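Reading through the structure tokens given below for one structure.
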Amino acid sequence: MKTDTKLLLPRRIRVGNKRYSVEVIEALLDKQHVGRIQYAEQRIQLGLRNGQTNRKLPASEIRDSFWHELVHAILHDMGRHNLNRDESFVVAFASRLSKAIDSARF
């Protein structure tokens with residue numbers, strides 16, 4: 001079983017011909033979500049705390065949010081706007097991606 005003590009995320013990541021910065025901030029104050037993507041700024045932001053409750057988030061939840069926002073970036077790059085707006089699809093796909101990556105052995 002994975003421990004939840006280490007948060008390992010890239011600082012930058014390339015999706016197609018765009019390079020997104022990955023910023024870990026204290027909290028997303030304007031909403032309860034853990035992360036958000038800003039396409040025009042080519043930025044993924046992830047909060048360490050819930051912006052409404054101030055609850056500290058476990059590293060696993062922040063990592064899952066990173067994969068969720070990355071799925072949005074990939075679908076945006078692919079021009080699959082219908083899937084990108086389908087939050088239930090993005091949640092399901094990102095969850096499976098996160099679990100697959102966590103289980104990978106190199």
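Here are the numbers:
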{"read-out": "Segment 38-53: number of residues that are under 10 Å from SER21 (Cα atoms) and buried (at least 17 other Cβ atoms within 10 Å of the Cβ)", "value": "2"}
{"read-out": "Restricting segment 1-37 to residues that are of a type outside the set (D, E, K, R) and in contact with a Ser or Thr (Cβ under 7 Å, 6 or more places away or on another chain), the residue that is modelled with the lowest pLDDT", "value": "VAL34"}
{"read-out": "Qualifying residue in segment 58-78 (condition: among the basic types (Lys, Arg) and at pLDDT 95 or above)", "value": "no"}
{"read-out": "Within segment 72-90, considering residues that are part of a helix (DSSP H, G or I), free of Cβ contacts under 8 Å to residues at least 24 places away in the same chain and surrounded by 13 or more Cβ atoms within 10 Å (Cβ to Cβ), the one farthest from the chain's Cα centre (by Cα)", "value": "LEU83"}
{"read-out": "Scope segment 6-35; condition farther than 22 Å from ALA100 by Cα, in a strand (DSSP E or B) and either touching a Pro at 6+ places or on another chain (Cβ under 6 Å) or of a type in the set (D, E, K, R) (or both); matching residues", "value": "LYS18, ARG19, GLU23, GLU26"}
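One line per residue, one yes/no per condition, for (1) more than 16 Å from GLU23 (Cα to Cα); (2) surrounded by 13 or more Cβ atoms within 10 Å (Cβ to Cβ); (3) touching a Lys or Arg at 6+ places or on another chain (Cβ under 8 Å):
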position: ARG55; (1), (2), (3): yes, no, yes
position: TRP67; (1), (2), (3): no, yes, no
position: SER95; (1), (2), (3): yes, yes, no
position: ASP102; (1), (2), (3): yes, no, yes
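The values are calculated or read from the model by the stated rules, or taken from the named source; none is laboratory data. A quick note: this is a predicted structure, and the numbers were derived from the prediction, not measured. Quick reminder, even Gly has a Cβ in these numbers, built from the backbone with ideal geometry, and neighbours come from all protein chains shown.
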